[in-house]
Amino acid sequence: MGGCAGSRRRLSDSEGEEADPAPRPPPQDRQGAHWKNAVGFWLLGLCNNFSYVVMLSAAHDILSHQRAPGNQSHVDPDPTPTSHNSSSRFDCNSVSTAAVLLADILPTLVIKLLAPLGLHLLPYSPRVLTSGICAAGSFILVAFSHSVGISLCGVVLASISSGLGEVTFLALTAFYPRAVISWWSSGTGGAGLLGALSYLGLTQAGLSPEHTLLSMLGIPALLLASYFLLLTSPGPQDPGGEGEADTAARQPLINSEAPESKPGSSSHLSLRERWTVFKGLLRYIVPLVLVYFAEYFINQGLFELLFFRNTFLSHAQQYRWYQMLYQAGVFASRSSLRCCRIRHTWALALLQCLNLAFLLADVWLSFLPSIYLVFLIILYEGLLGGAAYVNTFHNIALETSSEHREFAMATACISDTLGISLSGLLALPLHDFLCQFS
């Protein structure tokens with residue numbers, strides 16, 4: 001029952017003939033399938049977001065220098081930038097790291113905007129294969145690039161990989177026990193932590209940024225292996241899968257008595273039904289947009305400007321540590337669903353906006369005396385962002401009928417990307433303003 005070939009044929013079958021119900025597998029088989037799917041979705045979350053995170057961690061290196069052809073193996077892993085504004089107290093790059101953020105997120109935004117219009121109904125296997133190829137291409141292109149422009153093209157490939165994968169795998173969770181949402185979210189948090197930590201650790205150990213990126217080519221291969229070899233075939237099963245006592249008490253976004261859906265079933269939804277589902281999702285989409293707008297305005301608009309000169313860490317090292325601590329907070333909170341569930345995600349949005357206001361005031365006034373206080377605030381920022389993500393999708397899965405769940409999950413994933421895109425667009429002029437007048 002765990003054969004992947006049968007699973008992929010079923011997922012990509014557009015005609016969807018009804019098959020006779022299969023006999024319920026024995027308990028030991030169900031337990032084995034549960035763990036295969038749990039590990040599978042955790043690895044998919046890890047691999048899907050890994051290249052995206054690494055590109056953001058490498059943003060300062062991508063922009064701080066251009067490599068001369070034929071001189072790759074001798075690049076200092078922590079170069080002294082030549083394009084900085086040395087007269088600025090912020091030690092600014094000539095281009096904000098928000099430029100890398102935009103290259104890393106705008107293609108994802110386009111993909112997620114297309115998802116509700118039918119992109120998520122394309123066969124799953126070709127989408128996963130495309131995602132893996134783009135991830136590998138991003139590492140290779142940035143590693144061998146000799147200019148910022150070509151490096152940004154590699155970042156775009158990472159964005160296509162991550163966006164296409166997230167739309168695909170979040171929609172796929174609709175056909176497995178709801179517990180896989182927690183595993184997927186934990187895996188995406190793990191990607192943040194391991195991606196940032198591996199880039200920080202390898203470059204701190206003396207490996208050049210180019211060789212660091214090439215060493216990560218095994219991640220796209222692991223993505224493909226997890227999907228094609230590990231996941232079991234999604235059959236008729238209890239989508240709750242967790243014995244949640246409060247499920248019946250929740251009001252669904254759409255009341256429906258429709259039977260359990262199958263992959264691709266949301267293609268039968270009318271435009272009126274899709275609009276109704278979308279309106280019901282807004283109370284989760286809007287807070288998540290605000291959370292991600294605030295935290296990525298901090299990450300790509302303020303991290304580079306939160307520069308402490310009198311520390312043992314260089315500017316590039318400080319930036320990498322900020323990224324790593326943020327991702328550590330995200331990983332911890334995205335893995336916390338079993339012990340902490342939050343219904344009112346708007347509270348997380350409010351706290352994250354307060355974080356943004358506080359750090360923006362510090363960038364302007366420089367009142368924080370120590371980089372370690374910034375480290376704590378950034379860790380807290382990551383905790384808020386991860387909690388908002390995992391609780392938003394868990395709440396949507398709880399409150400959406402099975403008939404609409406695939407469409408709802410694919411649609412709601414626009415939230416974080418929209419917030420990140422807006423933050424990148426505003427962070428660019430902020431960077432130029434502060435660096436010019438500081």
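The values are calculated or read from the model by the stated rules, or taken from the named source; none is laboratory data. Just so it is clear, the model here is predicted, and its values are computed rather than measured. Virtual Cβ from ideal backbone geometry, glycine too; neighbours counted across all protein chains shown. These accessible areas exclude ligands, DNA and RNA; they are computed on the full protein's heavy atoms, side chains included. Shrake-Rupley method; radii C 1.70, N 1.55, O 1.52, S 1.80 Å.
Let me cross-check Cys339: its accessible surface, 1.4 Å probe, with only protein heavy atoms counted, in Å² to the nearest 10?
120
Stretch Arg309-Ala225 to full length: gain in nm at 0.36 nm per residue minus the Cα-Cα span? Provide the component values of the computation, followed by the final result.
Details: separation 84, 0.36 × 84 = 30.24 nm, distance 4.51 nm.
Going from the current span to full extension adds 25.7 nm.
At a probe radius of 1.4 Å, what is the per-residue accessible area of Cys353, in Å² to the nearest 10?
That residue has around 50 Å² of solvent-accessible surface.
Provide the FRET efficiency to the nearest 0.05 for the Gln317-Lys36 pair, computing r from the beta carbons and using R0 = 30 Å.
0.15
Between Gln436 and Leu117, how many nm apart are label points set 7 Å from Cα along the C-beta direction?
The modelled label-to-label distance comes out at 3.5 nm.
I'd like the chymotrypsin sites (Phe, Trp or Tyr not before Pro) in the stretch 358-391 restricted to DSSP loop residues with at most 16 other Cβ atoms within 10 Å, sorted by number.
Answer by residue number: Phe367.
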